[in-house]
Amino acid sequence: MDAVARFPAAAFRLRYVRVLVMILAFWAVNSLQLNRVAAQNAEWGIYLMRIDGSDVRRLAQVDGCQGHTCPRWSRDGKQIVFDATDAMTRQTSVYIVNSDGTGRTRIGEGARAAWSPDDKQLAIEVRGGPRSVQVQNLDGTGRTHIAVGSSPCWSPDGSKFAYSHQNNIHVIDLVSGDTRTLFGRPKDTIYYGFCWFPDGKRLAVVARPEPRKPRQLLYVSDAGEEHGLHVRLTGEMAGCISLSPDGKKLALDSFYKVNLLDVEGTSRPVVVPGQNGSNRDPAWSPDGEWLVFTSSRDP
């Protein structure tokens, strides 16, 4: 009788736990959706902070633009390129600003710009029709078509060039002219903002392998996945990532907060302290002391 009497109570507790799990899951999904809606409607800007979260300062904000994305340091650390989208026309333009916040200059339409190793040119994703990768001078002149695709990224030594197209990563050897595809099968999604390792032999990429599957942080050989592929992390993260100059840490954003992650090992990302608002698209300074990022925080 005691066992029979206890059974309904145990069954009730099991149902209670199931309901509680469903409520928590519903809350988590809707909380993320609310964060995304709030982030999309926020007044974004480009900010700097030290890697410990201190000395936060606003670097740039273009009037009339809600979207500010993909800030990236020049190789000499003196300038930062980013793009901003006009709230009315939805036109996205590329800007350059000095690392002290002065001298902001619009250099033309485009997005997701990447510096050449000598800081004399930019590779830019051009929209309006099929997305294409073009290279241009810093004053906006001399645009040259490179490939159909998006998210351009020069290798550290300038000998190779990576971009995404048809849910895959492609690498052009600028010496031989050969192009190779890194993944044997296209991913469901390749997220913008992948980056090279400092040695120029691997890329770090955020991808969704299949529909409704979690996102993965992948390390893939620039010769193709058959020469090396490692899944470092699985979970909610954005694609615009950055490796520290020594290649030991990686900056990424998860749930609209900037995180730092050990490149090797199995540790989880650690949130940089002191963050306000929504924060995305971190990039490491060449001296390893600062992060530039986009934020909706109140300055």
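Nothing in this text is a laboratory measurement; each read-out follows from the coordinates by a stated rule. Predicted model only: the values in this text are computed from it and were never measured. Ideal geometry is used to build each Cβ from the backbone, glycine not excepted, and the neighbour counts take in all protein chains shown.
Assuming R0 = 22 Å, can you tell me the calculated FRET efficiency for the pair Asp199 and Thr144, based on Cβ-Cβ distance, to the nearest 0.05?
The calculated FRET efficiency here is 0.20.
Over 24 Å apart at the Cα level, from the set Lys201/Lys257; Lys160/Lys257; Lys78/Lys120; Lys213/Lys249; Lys120/Lys248, are Lys201/Lys257; Lys160/Lys257; Lys213/Lys249; Lys120/Lys248.
In this rough spin-label picture, where each label sits 7 Å from Cα along the Cβ direction, the Lys120-Asp76 distance is 1.2 nm. Using every pair of separate Cα atoms, the Kirkwood estimate puts the hydrodynamic radius of the stretch 182-268 at 13.0 angstrom. Which distance in Å, rounded to a whole number, links the C-alpha centroids of the stretch 205-270 and the stretch 112-190? Using only Cα atoms, the two centres lie 20 Å from each other.
Every helix of 4 or more DSSP H residues in the chain counts as -39500 (n - 2.57), and over all residues that averages to -5000 deg cm²/dmol at 222 nm.
Taking the chain as a Gaussian network, where each spring joins two C-alpha atoms under 10 Å apart, which residue of Gly128, Gly110, Gly158 fluctuates the most? Answer for the Gaussian network model of the chain: Gly128. Here's the picture: a label point sits 7 Å out from the Cα of Val231 along the beta-carbon direction, and within the stretch 194-211 the residues with their amide nitrogen under 15 Å of it are 205-211. Between rounded, prolate and oblate, where does the stretch 42-295 land on the alpha carbon gyration tensor, with a ≥ b ≥ c its root eigenvalues, rounded for a/c under 1.5, else prolate if a/b exceeds b/c? Since a/c stays below 1.5, the shape of the stretch 42-295 is classed as rounded. The stretch between Thr189 and Glu264 holds 24.6 nm of extra length on full extension. This uses 0.36 nm per residue minus the Cα-Cα distance. Contact order, relative form, for the chain: 14 percent (alpha carbon pairs under 8 Å, 6 or more residues apart, mean separation divided by residue count).
If R0 equals 25 Å, the separation of the Cβ atoms of Asp178 and Asn137 corresponds to a calculated FRET efficiency of about 0.45.
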